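The values are calculated or read from the model by the stated rules, or taken from the named source; none is laboratory data. Computed from a predicted model, the values in this text were never measured in an experiment. Neighbour counts run over all protein chains shown; Cβ positions are idealised from the backbone, glycine included. SASA here: full protein model, heavy atoms, side chains in, ligands and nucleic acids out. Shrake-Rupley method; radii C 1.70, N 1.55, O 1.52, S 1.80 Å.
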4 protein chains.
Amino acid sequence: MRFFSDNAAAAHPKVIEAIAASNRLDTAYDGDEWSRKLDGAFSELFETDVRAFWVTTGTAANCLALAALCPPYRGILCHRDAHIEVDEAGAPGFFTGGAKLILLDGAGAKVTPDAVARACDAIRDDVHQVQPAAISITNATEYGLVYRAAEVAALGEFAKERGLALHMDGARFANALATTGERLADVTWRAGVDALSFGFTKNGGLNAEALILFRTGLADEIAVRRKRAGHLASKGRMLAAQILAMLEGNLWLDNARGANAAAKTLAQAAGDRLVYPVEANELFLSVTDEEAASLRAQGADFYEWGPGQIRFVTSWDSDARAVDQLAAALAAL
Amino acid sequence: MRFFSDNAAAAHPKVIEAIAASNRLDTAYDGDEWSRKLDGAFSELFETDVRAFWVTTGTAANCLALAALCPPYRGILCHRDAHIEVDEAGAPGFFTGGAKLILLDGAGAKVTPDAVARACDAIRDDVHQVQPAAISITNATEYGLVYRAAEVAALGEFAKERGLALHMDGARFANALATTGERLADVTWRAGVDALSFGFTKNGGLNAEALILFRTGLADEIAVRRKRAGHLASKGRMLAAQILAMLEGNLWLDNARGANAAAKTLAQAAGDRLVYPVEANELFLSVTDEEAASLRAQGADFYEWGPGQIRFVTSWDSDARAVDQLAAALAAL
Amino acid sequence: MRFFSDNAAAAHPKVIEAIAASNRLDTAYDGDEWSRKLDGAFSELFETDVRAFWVTTGTAANCLALAALCPPYRGILCHRDAHIEVDEAGAPGFFTGGAKLILLDGAGAKVTPDAVARACDAIRDDVHQVQPAAISITNATEYGLVYRAAEVAALGEFAKERGLALHMDGARFANALATTGERLADVTWRAGVDALSFGFTKNGGLNAEALILFRTGLADEIAVRRKRAGHLASKGRMLAAQILAMLEGNLWLDNARGANAAAKTLAQAAGDRLVYPVEANELFLSVTDEEAASLRAQGADFYEWGPGQIRFVTSWDSDARAVDQLAAALAAL
Amino acid sequence: MRFFSDNAAAAHPKVIEAIAASNRLDTAYDGDEWSRKLDGAFSELFETDVRAFWVTTGTAANCLALAALCPPYRGILCHRDAHIEVDEAGAPGFFTGGAKLILLDGAGAKVTPDAVARACDAIRDDVHQVQPAAISITNATEYGLVYRAAEVAALGEFAKERGLALHMDGARFANALATTGERLADVTWRAGVDALSFGFTKNGGLNAEALILFRTGLADEIAVRRKRAGHLASKGRMLAAQILAMLEGNLWLDNARGANAAAKTLAQAAGDRLVYPVEANELFLSVTDEEAASLRAQGADFYEWGPGQIRFVTSWDSDARAVDQLAAALAAL
């Protein structure tokens, strides 16, 4: 009953096959036939011209984007529980050259226009205080909540009014889309998103994330920043091939639906122990220490989120029996 | 007849197998069983306690090491043709926070104690001039020359006298060792090397390099810097597994021997067109434009190195027939 | 009735005289006779060997110290109202290369060991979260509160236990000392402070602050960082001369006493409108918009601190009549 | 006979007077009446709308400008003897966040369009090599040579063609202008210069340089970068007052003429020992060790520039008798 993190799941067999199939001599870096297909594949998926870059980690995707959207002397508005703030070892500071994360409150790690407005309005417009340049949101959020297109659009509108860029950390973007069933275009560029970190690793990829630029004019800068950060792999075709395999036949969506369905099953069993509604593939439960110990004793693996809270994460390959077994254990608490 | 770069070669089948074999749920980041074997495997190989980190690119391996060895306000002595100077998009400046590369001359991109001493002695010892903190050498060099242990030891001794750290970019370290037959320990830590970027990608790996720290006290810092640079892959076991497969039965050495043998064959055919002795798997030839065109017309792929020079690189999987065919073409020029 | 900020006050006549007296050819940078006296003068004042550097701004003094005390990949614990967080345009991020400010709560911008401990304990000890390296406190605080030696010592002890450095932003250090009457040594190095930004500009200097290093081993690094940040003035004797003039006959203490006394007079008049006890030369008052307007109409100049609050700052040269006049106006509200 | 450096000269009495005159309460930072006059004063001098900022050092002026003109991932073309390369402790790397200085050759530290073109043409246009973003020249050069307006215009034209910005380090700009008698506009913005570090400290100022932006759209960014680098002095009126005193009645030009005249006198005495023509206020002489010793024995103070070369620098206040005495000593060698 391993529900510690989708980070640790296996890659989908088709991804491994794709890597093996791309394992022949071709052009290095991103001149190969797989890499050259990415722009087209994502442009189709997003119904507009985009520029797409493979990178190996979500931190790299997020921070390359942020470095292009925010100069070193300005700030990025994000939730105080955002991955870029709490789990990337200060990578935004490194990639941007010292830009500041301006932290927002909000239930379930969700960012609202009101919260952003309050933060912006509290900043004196002078050279002594760091002025914001961008907003970064995570979809699904760090607590498994999902943004609807209209919610993103409201943020996008605010961003436009204030001259701010809008970045979406989509480490679990597939899980969010699997829930809303909305068009990718609607929740991204049509809603004002400038750049998206589209995660594949947690969802059946091996080590490949896509950085999608809707503001395509940033592509040249991103290409250089990627190289300069040591993220231009010579055999990049192996990364591109993974991503193409995930897009093929909407494997990304199927995988996310599987993970979400497992989470729903667990959610029903967890009932009112749930700290947040389960909208993607993460569950946060209130439990006593004894209950947590009892679950562990029954073979459940999970993350101690904080005092009295535990986290379960399902993944594309969550074992059906393990899900049922854990559901039963949760119901029996 | 593709001899453009070893960067673009396929991965060895055992590497692909190892990736597939590691493709099951385990702990994320580097807590998995493969990653946890690296320190031991390399400590055995180097006959001393080392700390070993997987990363996905040589640029990352080099620049993480340099950032730990050189503070932002000092400099790194390297050859003016060093990869870190000419082919990493300024990554050393990014990773170190602005340290300076202090450039040295030397035939075949080789660094000598004399050249280093001249450069150091030309720097006034005051706060106005950037003081050196480290030396970085490439083995085999960017022109395919190989350092013998005694040569590195001479640099190491100089470094020690002046309080400088010593880094080795070993993108083609295997090719160098295949040529000299020396012990790994002798050409590295016994010779004063503090950190080594041990390359596997050019030599049959897919996307995995090892950063080896002989100064093990730097390990904690490197671990954080790796994360902060977006280089801590969640499914790092896939990288560790590649490296372990390369070490298994000395596959790394066999592969390098294969590439070097192919280069020797070509070198004999090239004769006195060779710009540098061929000591590893790279050949630089003087040719006229017509000769270059003729080679291309015969199906040879290579790199135009500069006016009147072309570069061939062999790899572990260089096709024997292509090698013979190219050798014949070179001999016939 | 200008009580907007001590930042804008005139320099003391003796400071101007000292500048004029130092205005003759000498060695550039800090080789001149005035600069060479600083180490000795401050070592005497602090009753221990220190290294002292002139710089032109408090931001430079603070951030040079922080860059030496905290590597780019770690964090600095400070109050969320600290000057380095809210009023230095992100300078700590720039000087350190992206270190994070980890924000603490506490009444009157005062930092307590408890608050620091809570913040430290909330940080997982892994590579994903930014680990703290230093604590920075401001004395007197941004709200005019003063640390007693025992309070600093408690922080220093905590810092030592956790392996953290301790920095003091002493933009109004003189005002703090004028209040407590404690020995400088007791509130700094004996209490565990590693580096102090000793402010003179707000207290009768023209453009000179002293960065005092109790951890003298950092001096060489600070000297280089100062140059590299463009803060090594060629005619630095003009800065050293200002500082020496301020130390001469304890002018710094006399000036601070004058400012504090003026603040006390205003404080008595302000009565229970005071938001914080007045321990140095700043007063924060609760007023209605109408009261604020009335004060302005009577010729008072002050800072609108936020909704319903205004700030007055006295300085060494606060005009006695203006003080009495404002006191009367406050009493009459 | 102190001719070590103009860096160490006294400030002009009018500058000291201006500081004293500005020594009264006013608005902090650059809101005071003196600072607010700078834009106008320099706009008049340069016959176009400019934005002007005071800073305390030439390093700060240069590097703030370069940081605004060159992103962290590109490069700045400059002479290998440029002050920013050899005498600023790596400050360009610090301010820009790791941009690379791309070094050019050229007699007397002078940069020509040919040298720039050769350097640019040697850079492959790909993401592996650092692409240039700006050219920086020093006028007068580090060897005392002066650019005529036509020379700068040729560089400006090249810069425009290649999309490069053009920066001028004018630490001794006054000396250059005193020699050519050209209009300031002609040698700067009309010739394509985007930003100028206009030095006053070496020429009779105390600690004040002006950063002049002809590309006025950069002003907001520069203002923030200046603050963030700790270069926004609270009593900035003291800096502005110095600069205004230097502009008043063209004191800057008179001072430079004085220094240049002294240099001419020495140059005539030095005859064919001169390594470069004397076009400003610096002289480089070939001497034997014995000759150097003899000059020292006669009381001359100078800089040992390198093997067999010594440097003399005259300044606005060079003592006429000392000049004559040194001239006699030189003639007698």
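Numbers at a glance
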read-out: Net charge of neighbours whose Cβ lies under 12 Å from the Cβ of D:Val278, counting Lys and Arg as +1 and Asp and Glu as -1; value: +1
read-out: Of C:Lys202/C:Lys227; C:Lys110/D:Lys37; C:Lys14/C:Lys160; A:Lys100/C:Lys202, pairs whose Cα-Cα distance is over 31 Å; value: C:Lys110/D:Lys37; C:Lys14/C:Lys160
read-out: Carbon and sulfur %, accessible surface of region B:2-47 computed with the full protein complex present, 1.4 Å; value: 52
read-out: Surface per residue (accessible, 1.4 Å probe) for chain D, Å²; value: 33
read-out: Residue-level accessible surface for B:Asp289, protein heavy atoms, 1.4 Å, Å²; value: 120
read-out: Most mobile of B:Gly163, B:Gly108, B:Gly199 in a GNM of chain B (Cα contacts under 10 Å); value: B:Gly163
read-out: Most mobile listed residue (D:Val224, D:Val116, D:Val15) in chain D, GNM with C-alpha springs under 10 Å; value: D:Val224
read-out: Where labels lie 7 Å past Cα in the beta-carbon direction, separation of D:Leu274 and C:Arg148 in nm; value: 7.2
read-out: Prolate/oblate/rounded call for region D:60-151, Cα gyration tensor, a/c under 1.5 rounded; value: oblate
read-out: Accessible carbon and sulfur surface of region C:63-161 relative to its total accessible area, %, 1.4 Å; value: 52
read-out: Net +/- balance of residues flanking A:Ala9 in space, Cβ distance below 13 Å, scoring K and R +1, D and E -1; value: 0
read-out: Cα centroid separation - region B:98-117 against region A:139-209, whole Å; value: 48
read-out: Cα principal axis extents for the protein assembly as shown, largest first, Å; value: 84, 81, 54
read-out: Relative contact order for region B:264-333, counting Cα pairs under 8 Å that sit 6 or more residues apart, in percent; value: 40
read-out: Gaussian network model of chain D, Cα within-10 Å springs - most flexible of D:Ile84, D:Ile123, D:Ile137; value: D:Ile123
read-out: Drop in accessible area of at least 50 Å² in the complex versus isolated chain, residues of region B:229-267, 1.4 Å probe; value: B:Gly230, B:Lys235, B:Met238
read-out: Shortest-first distances to equivalent copies, position D:Leu333, nm, label 7 Å out along Cβ; value: 5.2, 7.3, 8.8
read-out: Share antiparallel - DSSP beta bridges, region A:151-262, percent rounded to 5; value: 55
read-out: With every protein chain in place, region D:243-333: carbon and sulfur % of accessible area (1.4 Å); value: 50
read-out: Sum of side-chain charges, B:Val152 neighbourhood, beta-carbon under 10 Å (Lys, Arg +1; Asp, Glu -1); value: -2
read-out: Calculated label separations, C:Asn250, copies of the chain, 7 Å along the beta-carbon direction, nm; value: 5.5, 7.8, 8.1
read-out: Value of [θ]222 nm, deg cm²/dmol, for the protein assembly as shown, DSSP H segments ≥ 4, -39500 (n - 2.57) each, nearest 500; value: -12000 deg cm²/dmol
read-out: DSSP H segments from chain D that extend 27 Å or more along their own axis, Cα-based, with Kyte-Doolittle mean of 0.0 or above; value: D:251-270
read-out: Exposure of D:Val55 as accessible area (Å², to 10), given a probe of 1.4 Å and all protein chains; value: 0
read-out: For chain D, convex hull of alpha carbons as volume per residue, Å³; value: 127
read-out: Beta carbon of chain C nearest to the axis of the rotation taking C to A, residue and angstrom distance; value: C:Gly98, 2
read-out: Where B meets D: accessible area buried, both sides, 1.4 Å probe, Å²; value: 1300
read-out: Label point 7 Å beyond Cα along the C-beta direction, distances from D:Asp272 to other copies (nm, shortest first); value: 4.5, 9.5, 10.5
read-out: Anisotropy class of region D:204-255 from Cα gyration tensor, a/c 1.5 cut; value: oblate
read-out: Beta bridge orientation in the protein assembly as shown: antiparallel %, DSSP, nearest 5; value: 50
